[in-house]
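Take a look at the structure set out below.
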Amino acid sequence: MFGRPGIGVFNVLAQSRRRGTCGEYRTYFHIASDWQVSEATVCRTVHWVENILVNSGRFRLGGKKSLLTPSQKPKTVAMDVTESPIERPKYGQKRFFSGKQKRHTLKSQFVIDLKTLQVICVVNDSGRRHDFKLFIHSKVRFHSDTESLEDSGYQGIAKFHANSRIPRKKPRTGKLTNVDKQFNRDLARRRVAVEDVNRRLKIFRIFSQRYRNRRKRFALRSHLIAGVYNYDIQNAC
């Protein structure tokens, strides 16, 4: 890496995955100190590697179109949103402030195939936008035969997709019936795989720790991380 001939990008990525260093989120200053190069060189190299990975096609996601294609449509999907903390913006702080996390964040909406546990598509937005509004704004739609499982943050999704499942809420002046409670337990049991996928994605510290880079490349990096995760699932022995 950093100008050394004969070292392929995919070999570097594979070695990093084996050593566990791919999950680190180091600053350009520390990387530059280890390799005895400038921070500008590190920045250019990171962008160069990211562009090669994107153009290779190996880490490409199915995308929103695959959700509606009859030959590619999944049987059951789960949709969830995770938040990544960011540094306090200099301008437009209200746009990124998350009322749930009580800090400035970027949101990532993942659609996961529950059969293969692969990420189908990712949509990113600012931390202030509500999960359901993020779904509407993302224009992610499902095939009528696809069953989608969501949490209570997607109240009203039935207007856009009739074959959706969300937890049943307690009536304002009543209680949940035993049938409703059992339905919520079964739904939570089916959706638990989403939490495992989130855990594996957050092995990459760029997701779980405070994001320090420019926000305009966060979407590209979140897509790449999801693509690397899918690549690992496909090639798992």
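The values are calculated or read from the model by the stated rules, or taken from the named source; none is laboratory data. Note that the structure is predicted; figures quoted are calculated from it, not measured. Because the Cβ atoms are built from the backbone with ideal geometry, glycine has one as well, and the counts that use them run over all protein chains shown. To get the accessible areas, we keep the full protein, side chains included, count just its heavy atoms, and leave off ligands, DNA and RNA. Shrake-Rupley method; radii C 1.70, N 1.55, O 1.52, S 1.80 Å.
Which condition breaks for ALA188 when tested against (1) open to solvent by 70 Å² or more (accessible area, probe 1.4 Å); (2) under 20 Å from the mean Cα position of the chain (by Cα); (3) not acidic (Asp, Glu)? Just one mismatch for ALA188, condition (1).
Here ARG215 meets the list (1) under 12 Å from the mean Cα position of the chain (by Cα); (2) surrounded by 14 or more Cβ atoms within 10 Å (Cβ to Cβ) almost entirely, failing just condition (1).
Does ILE120 qualify as being open to solvent by less than 10 Å² (accessible area, probe 1.4 Å), modelled with pLDDT of 95 or more and aliphatic (A, V, I, L, M)? Here the answer is no, as ILE120 does not meet what is asked.
How about region 142-164: which of its residues are surrounded by 15 or more Cβ atoms within 10 Å (Cβ to Cβ) and in contact (Cβ under 8 Å) with a residue 24 or more places away in the chain?
The first filter runs over region 142-164 and keeps only residues surrounded by 15 or more Cβ atoms within 10 Å (Cβ to Cβ), leaving 142-143, 146-151, 153-154, 157, 160-161, 164.
Across region 142-164, the qualifying residues are PHE142, HIS143, THR146, GLU147, SER148, LEU149, GLU150, ASP151, GLY153, TYR154, ILE157, PHE160.
Counting the residues of region 131-181 that are among the acidic types (Asp, Glu) and touching a strand residue (DSSP E or B) at 6+ places or on another chain (Cβ under 9 Å) gives 4.
Can you tell me which residue in region 88-103 is nearest to ARG212 (Cα to Cα), limited to those that are open to solvent by less than 100 Å² (accessible area, probe 1.4 Å) and assigned to a loop (DSSP other than H, G, I, E, B)?
In the first step, residues of region 88-103 are kept if they are open to solvent by less than 100 Å² (accessible area, probe 1.4 Å); the result is 89, 92-93, 96-99, 101.
Adding the requirement that they be assigned to a loop (DSSP other than H, G, I, E, B) leaves 89, 92, 99, 101.
Details: PRO89: 11, GLY92: 17, GLY99: 21, GLN101: 18 Å.
In this case the residue turns out to be PRO89.
Figure legend. Inter-residue proximity from region 97-110: first residues in contact (Cβ under 8 Å) with a residue 60 or more places away in the chain, second residues among the basic types (Lys, Arg), beta-carbon distance below 9 Å, spacing 6+ or different chains. Indicated pairs: LEU106/ARG215.
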